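Report on the following structure.
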Amino acid sequence: MRAVVIREFGDPGKVRLENVPDPRPAVGEALVKVKAAGINPSDLKNIEGAMAGTTLPRIPGRDFAGVVVKGPRELEGRIVWGTGGDVGFTRDGSHAEYLLVPTAALVEKPAKLATEAAGAVGLTFITAWSALVTAAAVGEGDTALILGATGGVGSAAVQIARMQGASVIAGVRSGNQAKQAKELGADLAVDTTEKNLAEEVRSLTQKRGADVVFDTTGQLFADAVEAAALGGRVCVISAPGDGKVMFNLRSLYRKELQVLGTDTRRLDVTDCAKLLKAMNRGFEDGSLRALDPDSYPLERAPEAYDAAKKGGRFCLVPA
């Protein structure tokens, strides 16, 4: 089969395609013919050698959607989707024509979710769900503030918080982003470049603040702490380059806040399958939706990686 193979770490743009032996499923494994495989920032960092734990040689790629060609009879021929903190790191990933996964990791793709979209959004929705639902238990009666609300994880977070019954305030950086966030389901939007975030959130919540604050950017932790309500939960998934932030520690303890970190690398492909299965209903009933990514054939992987460095949603289409 054709596959992107990391034999030494370096510039993602220099990675080339190789012909490698077709994978053979063992007992408890299934073979998936990849139809779409997303390109995430962590995939690019992985190729560069910036992600701990990756063993070489390795096929990268976390997200996937494809057809089961060998596996449980009831799923053979069905389109499945998935992602995992092990896929592309300690087990070969999805930037190839075929992918081996445990049979327990097979989750049928929602019919209303396009295949290329399904292959490119697993990680973003898993991250948002893990932070908001698993860690923060967002729900009815909560006000959720999503910072970076139109990014990959942020846009998923807006929809998930809304689906769980929360009121949603989107933290954005322009009027156009505010419009996008409201189209995703946000009730209100705050432009963080023009207004004091904490003051504006308190004004919008009768001086209470947000019950859940999710900083998807890693750049606004200090503002997140100030915008949180008494007893609030602050979700963190990222950090500045040096990993350091300055914030008011008094606000943290006086408001009795919980800081909840989420690292999806700890969730393997089977763990992620359980979460995707829980989200399937949202994609089927229209509560959750994903935009189609820009698609590249597998032989143009270096070009796709270079484009992905600049932001946006991209996937490789091996067929």
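The values are calculated or read from the model by the stated rules, or taken from the named source; none is laboratory data. Here the structure is a predicted model, which is why all the values come from computation and not from measurement. A quick note on method: Cβ atoms are made from the backbone with ideal geometry, for glycine too, and the neighbour counts reach across all protein chains shown. What goes into the accessible areas is simple: the full protein's heavy atoms, side chains included, and nothing from ligands, DNA or RNA. Shrake-Rupley method; radii C 1.70, N 1.55, O 1.52, S 1.80 Å.
So, Ile6, is that one within 19 Å of the chain's Cα centre (by Cα), open to solvent by less than 40 Å² (accessible area, probe 1.4 Å) and over 18 Å from Val269 (Cα atoms) or not? For Ile6, the condition - within 19 Å of the chain's Cα centre (by Cα), open to solvent by less than 40 Å² (accessible area, probe 1.4 Å) and over 18 Å from Val269 (Cα atoms) - is not met. Those residues that are touching a helix residue (DSSP H, G or I) at 6+ places or on another chain (Cβ under 8 Å) and either crowded, with 24+ Cβ neighbours inside 10 Å or among the small types (Gly, Ala, Ser) (or both), I need them from segment 160-174; list them, please. Selection gives Ile160, Ala161, Val168, Ile169, Ala170, Gly171, Val172.
The numbered conditions (1) in contact (Cβ under 8 Å) with a residue 40 or more places away in the chain; (2) more than 27 Å from the chain's Cα centre (by Cα); (3) in a helix (DSSP H, G or I) are all true for Glu200 except (1). Take the conditions outside any loop (DSSP other than H, G, I, E, B), touching an Asp or Glu at 6+ places or on another chain (Cβ under 9 Å) and more than 29 Å from Ser287 (Cβ to Cβ) and apply them to Leu44. Does it pass? No.
Check Arg254, Arg289 and return the single one that is without any contact (Cβ under 8 Å) to a residue 12 or more places away in the chain and either open to solvent by 20 Å² or more (accessible area, probe 1.4 Å) or out of contact with any strand residue (DSSP E or B) (no Cβ under 6 Å at 6 or more places or on another chain) (or both). Don't jump to the end; show me each part of the working.
Values: Arg289 fails: without any contact (Cβ under 8 Å) to a residue 12 or more places away in the chain.
When all the criteria are applied, what remains is Arg254.
The requirement of being surrounded by fewer than 19 Cβ atoms within 10 Å (Cβ to Cβ), β-branched (Val, Ile, Thr) and at pLDDT below 95 is fulfilled nowhere in segment 198-207; no residue meets it.
Which one of Ala128, Ala137, Ala118, Ala178 is assigned to a helix (DSSP H, G or I) and surrounded by fewer than 24 Cβ atoms within 10 Å (Cβ to Cβ)? It would help to see each step written out before you state the result.
Working: Ala128 fails: surrounded by fewer than 24 Cβ atoms within 10 Å (Cβ to Cβ); Ala137 fails: assigned to a helix (DSSP H, G or I); Ala118 fails: surrounded by fewer than 24 Cβ atoms within 10 Å (Cβ to Cβ).
Ala178 is the lone residue from the list that is assigned to a helix (DSSP H, G or I) and surrounded by fewer than 24 Cβ atoms within 10 Å (Cβ to Cβ).
The set of residues from segment 185-243 being in contact with a Ser or Thr (Cβ under 6 Å, 6 or more places away or on another chain) and of a type in the set (Val, Ile, Thr) comprises Thr205, Val225, Ile237. Just so you know, in segment 87-114 the residues that are open to solvent by 10 Å² or more (accessible area, probe 1.4 Å), touching a residue at least 40 places away in the same chain (Cβ under 8 Å) and part of a loop (DSSP other than H, G, I, E, B) include one that is nearest to Asp22 (Cα to Cα), and it is Glu97. Would you check if there is a residue in segment 26-38 being crowded, with 20+ Cβ neighbours inside 10 Å and farther than 11 Å from His95 by Cα? Yes, there is a match, as at least one residue in segment 26-38 is crowded, with 20+ Cβ neighbours inside 10 Å and farther than 11 Å from His95 by Cα.
Taken over segment 186-234, the criterion of being among the aliphatic types (A, V, I, L, M) and more than 23 Å from Gln159 (Cβ to Cβ) is satisfied by Ala198, Ala222, Val225, Leu230.
Against the condition farther than 28 Å from Lys195 by Cα and either in contact (Cβ under 8 Å) with a residue 40 or more places away in the chain or within 13 Å of the chain's Cα centre (by Cα) (or both), how does Val153 come out, does it pass? Write out each step before concluding.
Details: farther than 28 Å from Lys195 by Cα: no; either in contact (Cβ under 8 Å) with a residue 40 or more places away in the chain or within 13 Å of the chain's Cα centre (by Cα) (or both): yes.
No: the conditions fail for Val153.
Within segment 232-251, the residues that satisfy the criterion of being of a type in the set (A, V, I, L, M, F, W, C), touching a residue at least 12 places away in the same chain (Cβ under 8 Å) and farther than 19 Å from Lys207 by Cα are Cys235, Val236, Ile237, Ala239, Val245, Met246, Phe247.
The residue that is most open to solvent (accessible area, probe 1.4 Å), counting only those in segment 49-81 that are on the phi > 0 side of the Ramachandran plot and in contact (Cβ under 8 Å) with a residue 60 or more places away in the chain, is Gly53. Here Lys45, Lys109 are screened, and the one residue that is under 17 Å from the mean Cα position of the chain (by Cα), farther than 26 Å from Glu303 by Cβ and not aromatic (Phe, Trp, Tyr) is Lys109.
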